[in-house]
Ligand code: 5GP
Ligand code: ZN
């Protein structure tokens, strides 16, 4: 996926400050942060959107939630709380077509979201 921004970050063709990496995911700060802590947790597999999650990906998606919890602790947003967001499609606000999870914290999150 040569023209995918996140694949290029994963393959280290584009520089980013990776804060976590394992065999399945990477995490790095969002370039346009919407909260004091705003990390993107990105599966290494190029899955385009939540609509493309299949039975084969069940373990991966569970793993993302464990990584999010651990990063929330590492970045000190576990006690007050955080939000893990996945946008899907145009109405959902998805702009990068490689599935990713926004880990947001460090401020109170309003509900309903905008
Ligand atoms: P989406 O709108 O698809 O849910 O989220 C995409 C996110 O990726 C946006 O919050 C945007 O700021 C972030 N983003 C887009 N391009 C880059 C990039 O090159 N580097 C980083 N670190 N974040 C990016
Ligand atoms: Zn990709």
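Coordinate-derived values only; no laboratory data. Since we're looking at a predicted model, the values are computed, not measured. FYI the Cβ positions are ideal-geometry reconstructions off the backbone, even for glycines, and counts take in every protein chain you see.
Things to note:
- Of all residues in segment 1-12 being more than 10 Å from ligand 1 (Cβ to nearest atom) and out of contact with any helix residue (DSSP H, G or I) (no Cβ under 7 Å at 6 or more places or on another chain), the one that is nearest to residue 68 (Cα to Cα): 10
- Residue count for segment 53-75 under the criterion of being assigned to a loop (DSSP other than H, G, I, E, B), farther than 23 Å from residue 1 by Cα and free of Cβ contacts under 8 Å to residues at least 12 places away in the same chain: the result is 0.
- Matching residues, segment 77-114, being more than 15 Å from ligand 1 (Cβ to nearest atom) and more than 14 Å from residue 38 (Cβ to Cβ): 78, 79, 80, 81, 108, 110, 111, 112
- Selection of first residues in segment 1-13 that are in contact (Cβ under 8 Å) with a residue 40 or more places away in the chain and of second residues that are within 11 Å of ligand 1 (Cβ to nearest atom) and in a helix (DSSP H, G or I), restricted to Cβ pairs under 9 Å at least 6 apart or on distinct chains, gives the following pairs, ordered by first then second residue: 1/8.
- Count - residues of segment 87-112 that are under 28 Å from residue 2 (Cβ atoms) and in a strand (DSSP E or B): 3
- For segment 102-110, the count of residues that are exposed (fewer than 14 other Cβ atoms within 10 Å of the Cβ) and over 21 Å from residue 28 (Cα atoms) is at least one.
- Matching residues, segment 13-29, being part of a loop (DSSP other than H, G, I, E, B) and touching a helix residue (DSSP H, G or I) at 6+ places or on another chain (Cβ under 9 Å): 13, 14, 15, 16, 18, 19, 22, 24
- Test: residue 46 is outside any helix (DSSP H, G or I), touching a residue at least 60 places away in the same chain (Cβ under 8 Å) and within 16 Å of ligand 2 (Cβ to nearest atom): no
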